[in-house]
Each structure stands twice: as structure tokens, then as C-alpha cells.
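The values are calculated or read from the model by the stated rules, or taken from the named source; none is laboratory data. Worth saying up front: this structure is predicted, and the values here are computed from it rather than measured. Note that we place each Cβ from the backbone using ideal geometry, even for glycine, and neighbour counts take in every protein chain shown.
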Amino acid sequence: MKLMKTASIYLLLMLCVALCIFPFLYMFSLSLQSDADILSGVPILVPEMLQFSNYVDIWQKAPFARFTLNSFIIAGGITFLHLIFDPLIGYVFAKMDFPGKRFMFVAILSTLMIPFFIRMIPLYVLTARMGWLNTYQGLIVPFAMSAYGIFLMRQFIRPIPDELIDAARLDGCSELGVYWRIVLPQVRPALVTLALLTFVFQWNEFLWPLVAVSTTEMRPITTGLTLFNQEYFTQWNLTATGGVILFIPSLLLFLATQRYFVRSVMLAGMK
């Protein structure tokens, strides 16, 4: 009975894994198909002739190198700003007392309940009036920090013993020195997790670049792939090829930081 229960659980887990992986496998299959395979109208999982040339053609049929550079600049810039502001604000809310602290923290968290579609219109108007449309600063600065990042860092900073911080202050360490030398080293797994989640989210961001960018040269990969969607024909093989390329940096980043990510999840579960 116990063996059947275990087998059923594993079977269910394998089914869930297959459902999760299948879309990616089919995207990879599409990226290796020719135009004739796409136009046949019959779903093909394993093409007879693998068109690896699609991974070369995509760089020639569109400024894909510029799209990739833009994506790295935008996602990397936003991630860098998050690593500066989110831990600093989280430290203030975790270890300092000041009037209106609770109200301000709740106000920041309440922004998580506001859909981006509602904030997008005033954000677009503000960005336009500042002359930042179709610029890197217009794509980066509005997302320099996030309520989720502030909350995440506050939760990891709170368990740090106050006695450790007070001892550093008694030794003559400045408040910024306490933050830099005492607090940040203690929350390194959380910083890596914040960087991973922020980069992956911004790397795959589509809506704001679609609204704020009007020239081909400023497009990231996500909106650059729309160039393969024509009025009467969509080059699904090249679109899928771009999707695979879009996925690779996120995968490599996760593989490089997974031990910190797992450690942060474990620490969060013990708190």
C-alpha cells in the first residue's frame, strides 16, 4: 500500500514536470524547423532536417545583437539599482525607529496590490514630460526599487541581533559602516536572491518597453521579436529561436546562484 502511494506521488510529479517542460521543448523544436515545416500545418516535435542555421539567421535578419545589448543594459541597470536601494531601505525599516514608520511601510507594501496597468498611464505621462521616452533612463529609473525587494530585505535583516549592531556603534562605526560591514555580509544569500529575481523579471519584461520605446534600436529582445510578426505571416521558427536565446541568460544565472537561492529559501523557512 505504501509502495503504491509512493509510486502514485512520483507519477503525479513526473506528469507535472512533463507539463512544465513540454512548452519549452516544443519551442526548442520550433527553433530548429524550416519555413516549410512551419507552413505544413502539422505539429512537428522532431524535425527531419534540423535547421541550426536559424540561430545564425536571426542575427542577420534583425539587429538582434543590439536587442541583446539593450536587454542586458536595462535588466542589469535595474538589478544594480535594486541592490543599492532595496537593502538600504529594508535596513531602515528593520532596525531604526522614527515617527510614521509602520504607516510608511504599510503604504509601500500596499503598492503591491496596484496593477501595473493602472500605474502605467501616469508613469508614461511623467516619463514623457521628463523627455525620457525612448531612452535608457526612461526604461531603468522608474523601476529603481520595488516594494517586494524592500519587504524581502527587511525580513532578512530583522533577525540580525541588535546587540551586534550596538557593539559596532560603540566601537565607533558609523551608521553607514554598520550597514556595509555588519548588515550586508549577514544577508548575502538574500541579496543574491534579490538580484536573481529582479534580473529574470526585468529580462523578460515586455509591456513597459513596448510602450516607452518607439525606435528599433532601443528595443530589448522581448519587443524585438515582434519584428518577425508580419501582417500575413509570422516567422515562428525565428521567433522561437529568439525565445530560446532569451531563456539562456536566465538559466545560466540561476545555475550560477542556485546555492545562494536555496540557502535563502531555507533561512526564510526557519524564521
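The residue pairs whose first member lies in the range 47-75 and is free of Cβ contacts under 8 Å to residues at least 24 places away in the same chain, whose second member is of a type in the set (Gly, Ala, Ser), and whose beta carbons are closer than 8 Å, counting only pairs six or more residues apart or on different chains, are 47/29; 47/34; 49/34; 59/65.
Here's the yes/no breakdown for (1) at pLDDT below 90; (2) within 24 Å of the chain's Cα centre (by Cα); (3) farther than 30 Å from residue 135 by Cβ:
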residue: 5; (1), (2), (3): yes, no, yes
residue: 72; (1), (2), (3): no, yes, no
residue: 83; (1), (2), (3): no, yes, no
residue: 103; (1), (2), (3): no, no, yes
residue: 120; (1), (2), (3): no, yes, no
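Could you go through the range 77-87 and let me know if any residue there is outside any loop (DSSP other than H, G, I, E, B), among the β-branched types (Val, Ile, Thr) and out of contact with any helix residue (DSSP H, G or I) (no Cβ under 6 Å at 6 or more places or on another chain). Yes, because at least one residue in the range 77-87 is outside any loop (DSSP other than H, G, I, E, B), among the β-branched types (Val, Ile, Thr) and out of contact with any helix residue (DSSP H, G or I) (no Cβ under 6 Å at 6 or more places or on another chain). Residue-level check: of (1) of a type in the set (Gly, Ala, Ser); (2) in a helix (DSSP H, G or I); (3) modelled with pLDDT of 90 or more, residue 168 misses just (3). The conditions of being modelled with pLDDT of 90 or more, under 26 Å from the mean Cα position of the chain (by Cα) and closer than 16 Å to residue 239 by Cα are not met by residue 91. Condition check for residue 9 on (1) without any contact (Cβ under 8 Å) to a residue 12 or more places away in the chain; (2) assigned by TED's automatic domain parsing to the domain that holds residue 213: one failure, at (2). Of all residues in the range 246-271, those that are at pLDDT below 60 have Cβ atoms under 8 Å from Cβ atoms of residues that are part of a helix (DSSP H, G or I) and not hydroxyl-bearing (Ser, Thr, Tyr), 6 or more apart or on another chain, in 267/156; 267/189; 267/190; 268/155; 268/156; 271/155.
Taking the criterion of being part of a helix (DSSP H, G or I) and acidic (Asp, Glu), the residues of the range 11-53 that qualify are 35, 37. Here 92, 106, 125 are screened, and the one residue that is crowded, with 16+ Cβ neighbours inside 10 Å and without any contact (Cβ under 8 Å) to a residue 24 or more places away in the chain is 92. Whenever a residue of the range 136-152 is within 17 Å of residue 207 (Cβ to Cβ), its partners that are crowded, with 19+ Cβ neighbours inside 10 Å and of a type outside the set (A, V, I, L, M), lying with C-beta atoms within less than 6 angstrom and at least six residues away or across chains, give the pairs 138/127. Here residue 189 passes the criteria (1) surrounded by fewer than 18 Cβ atoms within 10 Å (Cβ to Cβ); (2) assigned to a helix (DSSP H, G or I) except the one numbered (1). One residue alone among 155, 202 is surrounded by fewer than 21 Cβ atoms within 10 Å (Cβ to Cβ), in contact (Cβ under 8 Å) with a residue 24 or more places away in the chain and not basic (Lys, Arg), and that residue is 155.
Among the residues making up the range 197-233, those that are assigned to a helix (DSSP H, G or I) and small (Gly, Ala, Ser) are 212, 224.
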